[in-house]
1. For segment 169-188, what are the residues that are polar (S, T, N, Q) and exposed (fewer than 15 other Cβ atoms within 10 Å of the Cβ)?
2. Answer with yes or no whether R136 is of a type in the set (K, R), at pLDDT below 85 and surrounded by fewer than 20 Cβ atoms within 10 Å (Cβ to Cβ).
3. Across segment 69-102, which residue is modelled with the highest pLDDT among those that are of a type in the set (G, A, S) and surrounded by fewer than 13 Cβ atoms within 10 Å (Cβ to Cβ)?
4. Which residue pairs have Cβ atoms closer than 8 Å, lie 6 or more positions apart in sequence or on different chains, and pair a first residue in segment 168-197 that is assigned to a helix (DSSP H, G or I) with a second residue that is among the small types (G, A, S) and loosely packed, with under 15 Cβ neighbours inside 10 Å?
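The values are calculated or read from the model by the stated rules, or taken from the named source; none is laboratory data. Small disclaimer: the values here were computed from a predicted structure and weren't measured. When we count neighbours, we look across all protein chains shown, and the Cβ atoms used for this are built from the backbone with ideal geometry, even at glycine.
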Amino acid sequence: MTIRVVVADDQALVRAGLCGIVETAPDLTVVGEAGTGIQAVELARQRRPDVVLMDVRMPDMDGLEATRLITAGSPGVSDVRVLILTTFDLDEYVYGALRRGASGFLLKDTPPLELLAAIRVIAAGDALLGPGITRRLIGEFAARPATSPPPAADLLKAITKREREVLTLVAEGLSNTEIAERLHIGPGTAKSHVGHLLTKLDARDRVQLVILAYRTGLVTAA
């Protein structure tokens, strides 16, 4: 299946470069380009892509608000995933993006092949991006005060002991294959456990599972 991508960036040259990279992959295709956050939301609703590559700082509406609107469960876009493009000095934006439902984030200087792999990962909802960076940012994010009350630890009563183990490893940034190796189970079994966690905890994707693991106290930031 072809993964449909919308590229949102206010810089025409950057946008063109990202589109060119995406189109080099036979399993990916660009279905729209946006220069503002408003355009990104409109394209997400019109084209229903699998993934939106979202810049943070754009005119009219920034990438954070656009992400919130796309991931808020609006008709036609509830399944659209957002991959934030950021730089190290934009950590504050990343925290905001995660709170607004982004499925992952990537540094703008990421090599093209890693960008393509990241899009596939986000589209599949299969693993977190850049485990080292993810752990650092998620850890700091989880340790910060939230604007809404944290989920109750009782929420975890709905999951089994094995699912708790899997959730802990997801929070460490491990992929399904790595989880399978750590727990000595098959990759398919690991994937099933993650799927059960998404359903039982009403989580959109693995990023939300990680945040939930921290916020409920199952794991703590180092």
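1. Let us first name the residues in segment 169-188 that are polar (S, T, N, Q), namely 175-177.
T177 - this is the single residue of segment 169-188 that is polar (S, T, N, Q) and exposed (fewer than 15 other Cβ atoms within 10 Å of the Cβ).
2. Working: of a type in the set (K, R): yes; at pLDDT below 85: yes; surrounded by fewer than 20 Cβ atoms within 10 Å (Cβ to Cβ): yes.
For R136, the condition - of a type in the set (K, R), at pLDDT below 85 and surrounded by fewer than 20 Cβ atoms within 10 Å (Cβ to Cβ) - is met.
3. Step one: of segment 69-102, the residues of a type in the set (G, A, S) are 72-74, 76, 78, 96-97, 101-102.
When the remaining residues are screened for being surrounded by fewer than 13 Cβ atoms within 10 Å (Cβ to Cβ), the result is 72-73, 76, 78.
On the way: A72: 80, G73: 63, G76: 60, S78: 64.
Filtering first and then ranking leaves A72.
4. Pairs found: A180/G186.
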